[in-house]
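Everything below concerns the one structure shown next.
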Amino acid sequence: HYIFNIEGATVMPQFALDAVTHYLVECQREGRLREYTLGIMTSTCISPLLGAFGSCERIRNTPIPLSYSLHLRFFVVVWLALYPLHLITTYGWYTILLASLVDYAVLGIEAMACEIENSFGYHKNCIDLCGFCKGILADTQ
(Lines give C-alpha, C1' and ligand atoms only; values in the text may rest on other atoms or scores of the structure.)
Protein backbone atom coordinates (compact mmCIF):
# COMPACT_ATOMS: atom_id res chain seq x y z
CA HIS A 1 0.00 0.00 0.00
CA TYR A 2 3.02 2.31 0.36
CA ILE A 3 3.67 2.35 -3.35
CA PHE A 4 0.38 4.10 -4.11
CA ASN A 5 1.30 7.02 -1.83
CA ILE A 6 4.47 7.82 -3.75
CA GLU A 7 2.74 10.30 -6.04
CA GLY A 8 2.04 12.54 -3.06
CA ALA A 9 5.60 12.36 -1.77
CA THR A 10 7.78 15.45 -1.76
CA VAL A 11 10.93 13.49 -2.59
CA MET A 12 9.92 10.31 -4.41
CA PRO A 13 13.22 8.38 -4.17
CA GLN A 14 13.43 9.06 -0.42
CA PHE A 15 9.83 7.89 -0.04
CA ALA A 16 10.63 4.68 -1.92
CA LEU A 17 13.68 4.05 0.26
CA ASP A 18 11.65 4.63 3.43
CA ALA A 19 8.82 2.38 2.20
CA VAL A 20 11.13 -0.53 1.40
CA THR A 21 13.01 -0.15 4.68
CA HIS A 22 9.77 0.02 6.67
CA TYR A 23 8.43 -3.04 4.88
CA LEU A 24 11.54 -5.10 5.63
CA VAL A 25 11.55 -4.08 9.31
CA GLU A 26 7.83 -4.90 9.52
CA CYS A 27 8.48 -8.35 8.05
CA GLN A 28 11.24 -8.94 10.61
CA ARG A 29 8.99 -7.88 13.51
CA GLU A 30 6.23 -10.21 12.36
CA GLY A 31 8.66 -13.13 12.20
CA ARG A 32 8.49 -13.53 8.41
CA LEU A 33 12.13 -12.46 8.13
CA ARG A 34 15.00 -13.46 10.40
CA GLU A 35 17.35 -10.79 11.72
CA TYR A 36 20.22 -12.29 9.72
CA THR A 37 18.13 -12.17 6.54
CA LEU A 38 17.16 -8.59 7.30
CA GLY A 39 20.84 -7.71 7.51
CA ILE A 40 21.55 -9.44 4.20
CA MET A 41 18.60 -7.72 2.52
CA THR A 42 19.67 -4.38 3.95
CA SER A 43 23.17 -4.76 2.56
CA THR A 44 22.04 -6.12 -0.82
CA CYS A 45 18.86 -4.05 -1.38
CA ILE A 46 18.83 -0.95 0.79
CA SER A 47 22.50 0.01 0.43
CA PRO A 48 22.48 -0.05 -3.40
CA LEU A 49 19.15 1.78 -3.38
CA LEU A 50 20.65 4.39 -1.06
CA GLY A 51 23.60 4.77 -3.43
CA ALA A 52 21.24 5.18 -6.38
CA PHE A 53 19.23 7.70 -4.39
CA GLY A 54 22.37 9.71 -3.70
CA SER A 55 23.26 9.65 -7.39
CA CYS A 56 19.76 10.77 -8.36
CA GLU A 57 19.92 13.61 -5.85
CA ARG A 58 23.25 14.74 -7.26
CA ILE A 59 21.79 14.73 -10.78
CA ARG A 60 18.67 16.59 -9.66
CA ASN A 61 20.49 19.18 -7.59
CA THR A 62 23.24 19.96 -10.10
CA PRO A 63 21.77 22.43 -12.56
CA ILE A 64 23.46 23.32 -15.80
CA PRO A 65 25.31 26.60 -15.21
CA LEU A 66 23.53 29.65 -16.60
CA SER A 67 26.63 30.82 -18.46
CA TYR A 68 26.80 27.45 -20.25
CA SER A 69 23.14 27.62 -21.28
CA LEU A 70 23.39 31.22 -22.46
CA HIS A 71 26.60 30.58 -24.39
CA LEU A 72 25.16 27.48 -26.03
CA ARG A 73 21.94 29.23 -27.05
CA PHE A 74 23.83 32.26 -28.37
CA PHE A 75 26.11 30.03 -30.45
CA VAL A 76 23.15 28.03 -31.80
CA VAL A 77 21.23 31.18 -32.79
CA VAL A 78 24.27 32.75 -34.49
CA TRP A 79 25.07 29.52 -36.33
CA LEU A 80 21.44 29.02 -37.43
CA ALA A 81 21.37 32.59 -38.73
CA LEU A 82 24.68 32.42 -40.62
CA TYR A 83 24.97 28.93 -42.10
CA PRO A 84 22.23 29.45 -44.74
CA LEU A 85 24.36 32.24 -46.21
CA HIS A 86 26.98 29.63 -47.08
CA LEU A 87 24.39 27.26 -48.59
CA ILE A 88 22.63 29.81 -50.78
CA THR A 89 25.37 29.87 -53.43
CA THR A 90 25.14 26.11 -53.88
CA TYR A 91 21.45 25.35 -53.40
CA GLY A 92 19.70 28.60 -54.31
CA TRP A 93 16.03 28.62 -53.33
CA TYR A 94 16.30 25.09 -51.92
CA THR A 95 18.36 26.63 -49.11
CA ILE A 96 15.10 27.70 -47.44
CA LEU A 97 13.85 24.12 -47.24
CA LEU A 98 17.23 22.70 -46.25
CA ALA A 99 17.81 25.39 -43.62
CA SER A 100 14.33 24.83 -42.18
CA LEU A 101 14.95 21.09 -41.76
CA VAL A 102 18.36 21.62 -40.17
CA ASP A 103 16.98 24.36 -37.90
CA TYR A 104 14.18 22.06 -36.76
CA ALA A 105 16.66 19.29 -35.94
CA VAL A 106 19.12 21.54 -34.09
CA LEU A 107 16.42 23.32 -32.08
CA GLY A 108 14.89 19.93 -31.24
CA ILE A 109 18.19 18.70 -29.85
CA GLU A 110 18.51 21.89 -27.81
CA ALA A 111 14.98 21.41 -26.45
CA MET A 112 15.81 17.82 -25.49
CA ALA A 113 18.89 19.04 -23.63
CA CYS A 114 16.69 21.41 -21.61
CA GLU A 115 14.23 18.58 -20.87
CA ILE A 116 17.01 16.26 -19.67
CA GLU A 117 18.19 18.88 -17.18
CA ASN A 118 15.35 17.95 -14.79
CA SER A 119 14.53 14.28 -15.36
CA PHE A 120 12.68 13.60 -12.09
CA GLY A 121 9.05 14.59 -11.77
CA TYR A 122 5.58 13.82 -13.07
CA HIS A 123 5.91 14.96 -16.68
CA LYS A 124 5.49 12.54 -19.56
CA ASN A 125 9.21 12.69 -20.39
CA CYS A 126 10.45 12.13 -16.83
CA ILE A 127 11.89 8.90 -15.44
CA ASP A 128 9.11 6.49 -14.39
CA LEU A 129 9.86 6.35 -10.68
CA CYS A 130 6.53 4.67 -9.89
CA GLY A 131 7.41 1.75 -12.16
CA PHE A 132 10.91 1.70 -10.70
CA CYS A 133 9.51 1.50 -7.15
CA LYS A 134 6.99 -1.20 -8.10
CA GLY A 135 9.87 -3.26 -9.49
CA ILE A 136 11.84 -2.83 -6.28
CA LEU A 137 8.80 -3.80 -4.24
CA ALA A 138 8.24 -6.91 -6.34
CA ASP A 139 11.92 -7.89 -5.98
CA THR A 140 11.86 -7.56 -2.20
CA GLN A 141 8.66 -9.48 -1.56
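Determine which residues of the range 37-71 fall in the zone a paramagnetic label at VAL25 would reach in this model, i.e. backbone nitrogen under 18 Å from the point 7 Å along Cα→Cβ.
In the range 37-71, the label zone of VAL25 (backbone N under 18 Å from the point 7 Å along Cα→Cβ) covers 37-51.
Could you tell me the ratio Rg/Rh of the chain? Both radii from Cα atoms, Rh via Kirkwood. Before the final figure, lay out the partial values.
On the way: Rg = 24.0 Å, Rh = 19.0 Å.
Checking Rg against Rh, the ratio lands at 1.26.
Could you tally the net charge around VAL78, taking each other residue with its Cβ under 15 Å from the Cβ of VAL78, Lys/Arg +1 and Asp/Glu -1?
Working: positive: ARG73; negative: ASP103, GLU110.
With Lys, Arg at +1 and Asp, Glu at -1, the neighbours total -1.
Please tell me the relative contact order of the chain in percent, rounded to the nearest whole number, where contacts are Cα pairs under 8 Å and at least six residues apart. Could the numbers behind the result be given before it?
Numbers: 56 pairs, mean separation 39.7, N = 141.
Once divided by the residue count of the chain, the mean separation gives 28 percent.
Is any helix in the chain, taking whole DSSP H runs, at least 27 angstrom long along its axis by alpha carbon and on average at least -0.5 on the Kyte-Doolittle scale, and which ones?
Values: long enough: 66-91 (37 Å, 1.18); 94-116 (33 Å, 1.47).
Qualifying helices, which must be both long enough and hydrophobic enough, are 66-91, 94-116.
About the Cα centre, and with charges only on the beta carbon of Lys, Arg (+1) and Asp, Glu (-1), how big is the dipole of the range 40-141? Nearest 20 debye, please.
Working: 5 positive and 7 negative charges, 17 e Å.
About 80 debye.
With viscosity set to 1.306 mPa s and temperature to 10 °C, compute the Stokes-Einstein D of the range 1-55, Rh being the Kirkwood radius across alpha carbon pairs; µm²/s, no decimals.
135
Accessible area of the chain with a 1.4 Å probe: how many percent of it is carbon plus sulfur? Mind showing how you got there, number by number?
Details: 6800 of 10260 Å².
Of the solvent-accessible surface of the chain, carbon and sulfur hold 66 percent.
I'm checking a number: the convex hull volume of the Cα atoms of the range 25-65, normalised per residue, in Å³. What is it?
That works out to 52 Å³ per residue.
The values are calculated or read from the model by the stated rules, or taken from the named source; none is laboratory data. All of these numbers come straight from a predicted model, not from anything done at the bench. Glycine also receives a Cβ, built like all others from the backbone with ideal geometry; neighbour counts cover every protein chain displayed. Surface accessibility is based on the protein's heavy atoms, side chains included, excluding ligands, DNA and RNA. Shrake-Rupley method; radii C 1.70, N 1.55, O 1.52, S 1.80 Å.
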